[in-house]
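Report on one structure; see the data block that follows.
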Amino acid sequence: MKHGDFTGLAGDYAKFRPGYAPQVATALLGLLQREPRVVDAADVGAGTGIWSRMLAARGLHSVVAVEPNDDMRGQGVETSAKSGISWRKGSAEATGLADGSVDLVSMASSFHWADFDKACDEFHRILRPGGIFVALWNPRFIEANPLLVEIEGEITRLKPDIRRVSSGRSGLTERLTEMLSGARQFTEVLYLEGRHVNRQTPAEYLGAWRSVNDLQVQLGPELFKKFLDFVVQRTAKLPAIETTYLTRAWAARRA
């Protein structure tokens, strides 16, 4: 398995990854100052379509989901069959969409895999004047639950030098405001965040961990199995695990 390759993880990703804070979606669409029914959106690096479906549910004119991985895109097509979303193969650097064809471009939990400069050029190209680019993540706010702090600590115990590619609270997100503010393609950079709570059974909680690519790559099969065994041991007798998620979003208007 390689960093960024979610082949084989798509099933768990589609079933067990939670949605994003709905109030953040409301605020982001409000930035467009247009009725949802006239908004065309592209969700790039759409994965299995978790965020794509949230956009489609807002009654947008159109939502196209762009995803390079065949396995993830296949799951997305299957789970979004009645949503009106159209799917296509493409990437942040080459979406395959027409010039000036969308009002909103988003990357949900995926912008850290993109080439920043090439992606900014591509998004500027496909956005209409006044359009918005949004990069968002949905990290766990583990401080709200001591059990989650303990489980996260087990990762560091197993591999003290681990460095997550992006948990939404590390990596690219540490400098994204400055990067977007300095990008010639965008202006009016804005940061938003909103919390929401998700309850999962122990099996669902374990499934969410099985969908984490960078953790599996860095731990390797043996240590990752030890980590999953630890999660099972700590959660097996619980009726549910309550996780607070912190949806973090960076929005910028097309210059």
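Scan segment 75-109 for residues that are over 16 Å from the mean Cα position of the chain (by Cα) and of a type in the set (Ser, Thr, Tyr) and jot them down.
79, 80, 83, 86, 95, 101
Just to be sure I understand, how many residues within segment 203-214 are in a helix (DSSP H, G or I), in contact with a helix residue (DSSP H, G or I) (Cβ under 7 Å, 6 or more places away or on another chain) and not charged (D, E, K, R)?
Within segment 203-214, the subset in a helix (DSSP H, G or I) is 203-210, 213-214.
Now drop any that are not in contact with a helix residue (DSSP H, G or I) (Cβ under 7 Å, 6 or more places away or on another chain), which leaves 204-210.
Within this subset, residues satisfying the condition of being not charged (D, E, K, R) are 205-209.
The qualifying residues number 5.
What's the total number of residues in segment 133-165 that are closer than 15 Å to residue 250 by Cβ and either in a strand (DSSP E or B) or over 21 Å from the mean Cα position of the chain (by Cα) (or both)?
Qualifying residue count for the region: 5.
Would you check if residue 137 is among the aromatic types (Phe, Trp, Tyr), touching a strand residue (DSSP E or B) at 6+ places or on another chain (Cβ under 6 Å) and surrounded by 13 or more Cβ atoms within 10 Å (Cβ to Cβ)?
yes
To keep it simple, each residue is scored yes or no on (1) outside any helix (DSSP H, G or I); (2) buried (at least 18 other Cβ atoms within 10 Å of the Cβ); (3) at pLDDT below 95; (4) of a type in the set (Asp, Glu).
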site	(1), (2), (3), (4)
1	yes, no, yes, no
6	yes, yes, yes, no
13	no, yes, yes, no
19	yes, no, yes, no
24	no, yes, no, no
27	no, no, no, no
37	no, no, no, no
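Kindly evaluate residue 106 against the criterion of being at pLDDT 95 or above and in contact with a helix residue (DSSP H, G or I) (Cβ under 8 Å, 6 or more places away or on another chain). Explain how you work it out, then say what you get.
Details: at pLDDT 95 or above: yes; in contact with a helix residue (DSSP H, G or I) (Cβ under 8 Å, 6 or more places away or on another chain): yes.
So residue 106 passes the test.
Suppose we filter segment 53-70 for residues that are in contact with a Gly (Cβ under 7 Å, 6 or more places away or on another chain) and either part of a helix (DSSP H, G or I) or basic (Lys, Arg) (or both); how many remain?
Looking only at that region, the number is 2.
This table checks each residue for (1) out of contact with any Lys or Arg (no Cβ under 7 Å at 6 or more places or on another chain); (2) under 25 Å from residue 33 (Cα atoms).
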{"residue": "109", "(1), (2)": "yes, yes"}
{"residue": "113", "(1), (2)": "yes, no"}
{"residue": "116", "(1), (2)": "yes, no"}
{"residue": "120", "(1), (2)": "yes, yes"}
{"residue": "130", "(1), (2)": "no, yes"}
{"residue": "134", "(1), (2)": "yes, yes"}
{"residue": "138", "(1), (2)": "yes, yes"}
{"residue": "152", "(1), (2)": "yes, no"}
{"residue": "163", "(1), (2)": "yes, no"}
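Being assigned to a helix (DSSP H, G or I), in contact (Cβ under 8 Å) with a residue 60 or more places away in the chain and not acidic (Asp, Glu) narrows it down to one of 217, 232, so name that one.
Checking each option against the conditions leaves just 217.
Mind counting the residues in segment 175-209 that are more than 17 Å from residue 119 (Cβ to Cβ), among the charged types (D, E, K, R) and either under 16 Å from the mean Cα position of the chain (by Cα) or modelled with pLDDT of 95 or more (or both)?
3
Within segment 58-94, how many residues turn out to be surrounded by fewer than 22 Cβ atoms within 10 Å (Cβ to Cβ), β-branched (Val, Ile, Thr) and over 20 Å from residue 22 (Cα atoms)?
Adding up the residues that qualify gives 1.
Just one of 201, 187 is in contact (Cβ under 8 Å) with a residue 12 or more places away in the chain and either of a type in the set (Lys, Arg) or touching a strand residue (DSSP E or B) at 6+ places or on another chain (Cβ under 6 Å) (or both); which is it?
Working: 201 fails: either of a type in the set (Lys, Arg) or touching a strand residue (DSSP E or B) at 6+ places or on another chain (Cβ under 6 Å) (or both).
That would be 187, the only listed residue that is in contact (Cβ under 8 Å) with a residue 12 or more places away in the chain and either of a type in the set (Lys, Arg) or touching a strand residue (DSSP E or B) at 6+ places or on another chain (Cβ under 6 Å) (or both).
Specify which of the listed residues (168, 96, 100, 130) is part of a strand (DSSP E or B) and at positive phi. Reasoning before the result, please.
On the way: 168 fails: part of a strand (DSSP E or B); 96 fails: part of a strand (DSSP E or B); 100 fails: part of a strand (DSSP E or B).
From the options 168, 96, 100, 130, the qualifying one is 130.
Has segment 202-209 got at least one residue that is within 25 Å of residue 254 (Cβ to Cβ) and aliphatic (A, V, I, L, M)?
No, that holds for no residue.
Output the number of the condition that residue 198 fails; it satisfies all remaining conditions of (1) buried (at least 18 other Cβ atoms within 10 Å of the Cβ); (2) not in a strand (DSSP E or B).
(2)
The values are calculated or read from the model by the stated rules, or taken from the named source; none is laboratory data. In this text the structure is predicted, and so the values were computed from the model without any measurement. Please note: Cβ atoms are built from the backbone with ideal geometry, for glycine as well, and neighbour counts cover all protein chains shown.
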